[in-house]
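The values are calculated or read from the model by the stated rules, or taken from the named source; none is laboratory data. Keep in mind that this is a model prediction, so the values were computed, not measured. Cβ: placed from backbone, ideal geometry, glycine included. Neighbour counts: every protein chain shown.
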Amino acid sequence: MVSRILVTGSGGLIGRALCRALLAAGHDVVPFDLCEGQDVRNEDMLAEAMPRCSGIVHLAAVSRVAWCERDSYWCKAVNVEGTRTVARLARESSMWPWLLFASSREVYGHVTSLPVGEDAPLRPVNVYGRAKVEGETVIGDARHAGVRTAIVRLSNVYGDIRDHADRVVPAFARAAVEGGVLKVEGTDSGFDFVHLYDAVRGLMFVVRALASGEKGLPPVHLVTGVMTKLRRLADLAIELAGTNARVKRKMPRTYDVSWFQGDPRRSRSVLGWEAQVPLRNGLAQLIRDFRTMGVINIAEATA
């Protein structure tokens, strides 16, 4: 079903790729991003972008944990109040658009057992995680008010050289290519790394479900179900780059979650989605992209 879809955060890592996927599927996309002067905290701007939209993918957020720790007011204003404004305008729209909200593994905080299922307690330990939990509550309220909603919890998405330079996968890939220093914050820390291609595929599965009238989607993970320790990630990046880069150990930040491995079973059963890009393949492609400063080659990453 072709529709007109508003994508907030359209200029970010996931937003750029998702907009391309939506356009390729024949949808009319309305991009909305701070880099274009469009702010989700501005109700008038949102209201101007929303007419005739039958769906909303809400990605816009202060997306770095460290940024939220430095400025909790800004984080709450964008990640919570911005989400509240998007949800309220969706409720008030004559089109009654569906609403897909991008949440995060950070909502679980320090977990005691792995893998983590979607029904695990939400116990965030940092400002960003708490804001995402509040955002999920806003989306739940919108559902109770009759809006078709979905919550997708993302985990360490990577795969584009235009990502934030301090995110661990692109940081390691670039440092490995340059023969520099890969700074490992917590050698026992490990996470579930998901390629951008897989994350966008999963979001498209959810978009199709919502556009088809699905009203009862539970929160879902888009995860591989595999945890890779940061030290292993660093070693793999150096191996694939074939340089004399070296690893430097650092103490983890006090507000960071130490590990996460998501349970992918619900996304398989509810959406029919599962990750396809192994970390080695995705990381190797990213390293090649840093060498050529080109664009990600999805076909090569999934081979």
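Brief remarks follow.
- Count of residues meeting criterion [surrounded by fewer than 19 Cβ atoms within 10 Å (Cβ to Cβ), in contact with a Leu (Cβ under 9 Å, 6 or more places away or on another chain) and of a type in the set (Gly, Ala, Ser)] in the stretch 172-214: 1
- Qualifying position, being farther than 19 Å from Glu185 by Cα, surrounded by 19 or more Cβ atoms within 10 Å (Cβ to Cβ) and modelled with pLDDT of 95 or more, among Arg143, Arg153: Arg153
- Matching residues in the stretch 27-79 - criterion: being under 14 Å from Thr8 (Cα atoms), in a helix (DSSP H, G or I) and not acidic (Asp, Glu): Leu34, Cys35, Met45, Leu46, Ala47, Ala49, Val78, Asn79
- Checking each residue in the stretch 87-120 for being in a loop (DSSP other than H, G, I, E, B) and of a type in the set (A, V, I, L, M, F, W, C) picks out Met95, Trp96, Val111, Leu114, Ala120.
- Hey, Gly242 out of contact with any Lys or Arg (no Cβ under 9 Å at 6 or more places or on another chain) and either closer than 30 Å to Phe205 by Cβ or free of Cβ contacts under 8 Å to residues at least 12 places away in the same chain (or both) or not: yes
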